[in-house]
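Asks: Okay, here's the structure, questions in a sec.
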Amino acid sequence: MNVKHTIRMCAVVLGVVLYLQTTAVMAGIITTDQIAPQSRIEAEKLKIQTFMDRAEVKDRLQSFGVEASMSKARVAAMTDEEVHAMAQKIDTMPAGGRVHDSDLVLILLIVLLILLI
């Protein structure tokens with residue numbers, strides 16, 4: 001009986017210790033709308049900063065008298081709406097150049113001239 005009594009006492013003590021160690025935790029459901037805007041803005045800022053770090057963009061900005069440090073500070077100070085608008089403009093910009101019809105005619109004339117010579 002002594003062993004059964006010891007086991008019961010250990011179980012009671014363990015139960016009391018485990019009960020007293022629990023703390024109240026407040027949890028709530030976080031919606032995607034609460035998380036997504038910040039991660040979207042951070043991704044768009046990174047896209048803008050990557051675009052601004054390109055050599056041809058830096059050269060063009062310097063030709064306008066804008067230093068690279070000034071452009072980085074401006075990107076960091078942009079509002080969420082400005083960041084979103086600029087990221088959309090970067091997404092819609094053509095990757096290369098677009099060949100217009102007049103450019104195509106000029107290229108064909110040059111090729112014909114080279115073939116004739």
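Asks: In nm, what is the difference between 0.36 nm times the number of residues separating THR79 and ARG60 and their Cα-Cα distance?
Replies: Result for the pair: 4.5 nm of gain on full extension.
Asks: Let me ask something else about it. Of all the C-alpha pairs in region 37-94, what % are more than 20 Å from each other? Don't jump to the answer; show the numbers that get you there.
Replies: Values: 368 of 1653 pairs.
So the portion of pairs separated by more than 20 Å is 22 percent.
Throughout, read-outs are computed from the coordinates displayed, never taken from laboratory work. Fair warning: this is a prediction, and the values are worked out from it, not measured in the lab.
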